[in-house]
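First the structure, in the form of structure tokens, and then the observations on it.
Throughout, read-outs are computed from the coordinates displayed, never taken from laboratory work. Here the structure is a predicted model, which is why all the values come from computation and not from measurement. Note: ideal-geometry Cβ built from the backbone for every residue, glycine included; neighbour counts use all protein chains shown.
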């Protein structure tokens with residue numbers, strides 16, 4: 001019993017830190033809400049209270065998980081680009097700030113891209129024939145493979161490298177667990193590059209990503225800044241783990257006062273987690289140091305993309321229109 005009391009007493013600082021983080025994030029959310037209602041965003045606040053979305057805000061659950069390409073401000077920009085996913089966690093992430101500032105994941109050096117198209121024909125087994133007859137079954141736009149060099153010369157480029165790696169890893173994850181849209185697949189993004197007749201708004205998903213942190217290159221230290229919401233969520237996870245540990249000990253001792261302490265700590269962790277989730281989904285929170293990360297001065301990204309077309313768009317597809325270039329300026333491009 002003495003060991004349990006010592007564990008509870010030593011956890012006091014952790015709980016106090018959790019309460020402080022909870023109050024800090026709560027105060028931040030209240031301050032932002034006050035500024036939102038009383039400042040220049042009063043009209044937007046009234047729209048929110050009326051149940052109306054802000055300008056350019058996606059409506060509906062599934063549409064929020066679909067990427068949005070920011071447009072083609074410079075028609076002469078033929079660099080290969082992957083658009084940013086239009087999802088709150090992506091648009092509000094401080095880690096993705098370098099990509100958002102660039103207008104997407106732009107490969108700074110000319111990548112090597114492999115594309116393929118195929119048509120499948122099924123043989124018809126006809127007896128007493130000298131030649132096999134084949135019936136067309138379906139076409140496949142095929143997988144798009146990108147091999148891109150990513151050289152880093154300073155801390156700014158290092159942050160871009162970190163953002164690109166984290167973005168590609170995030171695009172291979174589904175919405176799960178406590179996500180508001182748990183069960184949805186990874187977001188669809190758009191591929192652009194080399195002009196309208198090559199890649200123009202091609203809807204794709206990332207099927208795989210890999211890079212090698214080589215041992216024969218220099219590494220550059222990069223200071224990383226994260227969000228306060230992320231820090232609060234980390235505190236919540238730590239306190240939740242503490243509650244589980246004490247709860248396990250309480251089970252062996254018959255519960256009682258220890259069980260009450262466990263419930264209190266668990267409730268605190270849940271409250272902090274909710275506040276952190278709300279603040280993170282809104283992209284709120286001050287910054288806190290994420291330490292120094294080291295990125296390779298020279299590396300290569302290997303990315304595989306799969307074109308994704310809906311049944312409705314495939315049903316309305318016209319080969320005559322495609323051959324004449326009629327799909328070049330569509331929201332969804334075809335290859």
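Remarks
- Cα gyration tensor category, rounded, prolate or oblate, for the range 144-208 with a/c compared to 1.5: oblate
- Distance between the modelled labels on residue 311 and residue 109, one decimal in nanometres: 4.5 nm (7 Å Cα→Cβ projection).
- Label zone at residue 136 (point 7 Å along Cα-to-Cβ), backbone N below 16 Å, the range 315-332: 315-324
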